[in-house]
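Peer 1: Sharing a structure, written as structure tokens. Questions coming.
The values are calculated or read from the model by the stated rules, or taken from the named source; none is laboratory data. Since the model is a prediction, treat every value here as computed from it, not as a measurement. Cβ: placed from backbone, ideal geometry, glycine included. Neighbour counts: every protein chain shown.
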């Protein structure tokens, strides 16, 4: 815990009601959704840019590190402090300042949740395209810091494609505004995208101008199952090759299929090795043609069965299976490590199969889901953290899965970030010159290394 004098000074900035400093309350901020822990010295809840600036200046005065934090849904340890620094939680800095349906722009504070933006935009026939699975609690600030993707990523891309500009408090306490809020065309050096995916090591986002997209006239959802991962991968490749870009294209392996069916009793075929969930959107006539193309791809790749949702109720039933994966698998073991690897689409089936083989080699339960359209795979390894043998097996399996990903020309993270979890793999994934230039960028913003130290870069 921080010295009482510092706590009093923080209270003068944000109010005593917006500080946590007792051991029991600090413990609740000692972890995020990863397996890592780190006890903070204090947690503060600013509600304005001015308060963030003053907290940064105070931290500089006493040489204390700062870790920005949203809702704590981070899966890589990025939202915890590793040196008893100050966690600056932005969850009470949470207003939607404007929805502009003409320019299709939302102006929001960092603590607004992804779902709140979706709901605010919907009456205008608009949406915020990035839709991470934790959208009901994950904040926009966190989405930007991790460059979150989601189910719609295959068609609409990640968060950075939907951010026009940012207001950011730098480690010096200065405030900058990046981007052009009036146009997606700008002549400036692209600072906006530099902060997208920076995991809080360069600055604290205090306001965001978001691009909103039109809701489609027609949405069609369907599922199909396969006797092998290879058939599912070939089907994905054929659909994309035929010019159909689904809004979402999700694969679940046999472990996940059985766990979800046990949980929800949806009647999934328990011997299927892969389930593919697809959604397409657009004008009605276009969707009709795309559905026919997709069904043809099912047949060409030995699909066991398929189902096309006939109404909104059936559509939501298909989606609840995908959104319930974490809860369903969580019943298998008390702990898990979820990976966030990316491989080229044509190597998706190979990586899914190889990941399953690696887990089996070490006796580890591996439930895999994938954003198949962009090659983003989430192998989730389940274990009992009280059993040293299981822990050792999981650690060895993780190492092999990451090395196999790199060998296949992939990336060690697609949307969950590096944080603490993947630090040891960074030198394997990037050349030394690349790492040196990344560090130079970090040093130019934060020469004292006080913003979220020990994350993203070794």
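Peer 1: Restricting attention to the stretch 444-454, which residues are modelled with pLDDT of 95 or more and either buried (at least 16 other Cβ atoms within 10 Å of the Cβ) or more than 20 Å from residue 86 (Cα to Cα) (or both)?
Peer 2: Across the stretch 444-454, the qualifying residues are 444, 445, 446, 450, 451, 452, 453.
Peer 1: Being modelled with pLDDT under 90, over 18 Å from residue 260 (Cβ atoms) and surrounded by fewer than 21 Cβ atoms within 10 Å (Cβ to Cβ) narrows it down to one residue among 354, 386, 322, 345; which is it?
Peer 2: 345
Peer 1: Here is a further query. Only one of 141, 179 is out of contact with any helix residue (DSSP H, G or I) (no Cβ under 9 Å at 6 or more places or on another chain) and buried (at least 21 other Cβ atoms within 10 Å of the Cβ); which?
Peer 2: Just a single option satisfies the conditions, and that option is 141.
Peer 1: Of the residues 206, 247, which single one is in contact with a helix residue (DSSP H, G or I) (Cβ under 7 Å, 6 or more places away or on another chain), crowded, with 21+ Cβ neighbours inside 10 Å and farther than 30 Å from residue 61 by Cα?
Peer 2: Being in contact with a helix residue (DSSP H, G or I) (Cβ under 7 Å, 6 or more places away or on another chain), crowded, with 21+ Cβ neighbours inside 10 Å and farther than 30 Å from residue 61 by Cα holds for just one of 206, 247, which is 247.
Peer 1: Here's something else I'd like to know. So which residues in the stretch 14-37 are under 27 Å from the mean Cα position of the chain (by Cα) and in a loop (DSSP other than H, G, I, E, B)?
Peer 2: 28, 29, 30, 32, 33, 34, 35, 36
Peer 1: I'd like to know if the stretch 19-30 contains one or more residues that are touching a strand residue (DSSP E or B) at 6+ places or on another chain (Cβ under 8 Å) and either within 18 Å of residue 453 (Cα to Cα) or assigned by TED's automatic domain parsing to the domain that holds residue 108 (or both).
Peer 2: Yes, the stretch 19-30 has at least one match.
Peer 1: For the structure I just gave you, tell me whether residue 109 is closer than 28 Å to residue 455 by Cα, surrounded by 15 or more Cβ atoms within 10 Å (Cβ to Cβ) and over 16 Å from the mean Cα position of the chain (by Cα).
Peer 2: Yes.
Peer 1: Does the stretch 392-407 include one or more residues that are buried (at least 18 other Cβ atoms within 10 Å of the Cβ), modelled with pLDDT under 95 and under 30 Å from residue 278 (Cβ atoms)?
Peer 2: no
Peer 1: Right, something else. Can you spot a residue in the stretch 278-294 that is within 30 Å of residue 365 (Cβ to Cβ), touching a residue at least 24 places away in the same chain (Cβ under 8 Å) and within 26 Å of the chain's Cα centre (by Cα)?
Peer 2: Checked the stretch 278-294: at least one residue is within 30 Å of residue 365 (Cβ to Cβ), touching a residue at least 24 places away in the same chain (Cβ under 8 Å) and within 26 Å of the chain's Cα centre (by Cα).
Peer 1: Please go through the stretch 357-383 and pick out each residue that is part of a helix (DSSP H, G or I) and crowded, with 18+ Cβ neighbours inside 10 Å.
Peer 2: 358, 359, 372, 373, 374, listed by residue number.
Peer 1: Let me confirm something: among 59, 11, which residue is surrounded by 18 or more Cβ atoms within 10 Å (Cβ to Cβ), more than 21 Å from the chain's Cα centre (by Cα) and at pLDDT 95 or above?
Peer 2: 59
Peer 1: Are any residues in the stretch 292-306 outside any loop (DSSP other than H, G, I, E, B) and either exposed (fewer than 15 other Cβ atoms within 10 Å of the Cβ) or modelled with pLDDT of 95 or more (or both), and if so, which ones?
Peer 2: 292, 293, 294, 295, 296, 297, 298, 299, 300, 305 - these are the residues of the stretch 292-306 that are outside any loop (DSSP other than H, G, I, E, B) and either exposed (fewer than 15 other Cβ atoms within 10 Å of the Cβ) or modelled with pLDDT of 95 or more (or both).
Peer 1: Restricting to the stretch 48-97, name every residue that is touching a helix residue (DSSP H, G or I) at 6+ places or on another chain (Cβ under 6 Å) and assigned to a loop (DSSP other than H, G, I, E, B).
Peer 2: 70, 90
Rundown of residues vs (1) within 23 Å of residue 422 (Cα to Cα); (2) modelled with pLDDT of 95 or more; (3) more than 26 Å from the chain's Cα centre (by Cα); (4) assigned by TED's automatic domain parsing to the domain that holds residue 27, yes/no style:
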residue: 47; (1), (2), (3), (4): no, yes, no, yes
residue: 52; (1), (2), (3), (4): no, yes, no, yes
residue: 64; (1), (2), (3), (4): no, yes, yes, yes
residue: 70; (1), (2), (3), (4): yes, yes, no, yes
residue: 75; (1), (2), (3), (4): yes, no, no, yes
residue: 82; (1), (2), (3), (4): yes, no, no, yes
residue: 103; (1), (2), (3), (4): no, no, yes, no
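Peer 1: Let me ask something additional. Answer yes or no: is there a residue in the stretch 406-416 that is in contact with a strand residue (DSSP E or B) (Cβ under 9 Å, 6 or more places away or on another chain) and either within 22 Å of residue 66 (Cα to Cα) or in the same structural domain as residue 174 (by TED's automatic domain parsing) (or both).
Peer 2: Yes, the stretch 406-416 contains a residue that is in contact with a strand residue (DSSP E or B) (Cβ under 9 Å, 6 or more places away or on another chain) and either within 22 Å of residue 66 (Cα to Cα) or in the same structural domain as residue 174 (by TED's automatic domain parsing) (or both).
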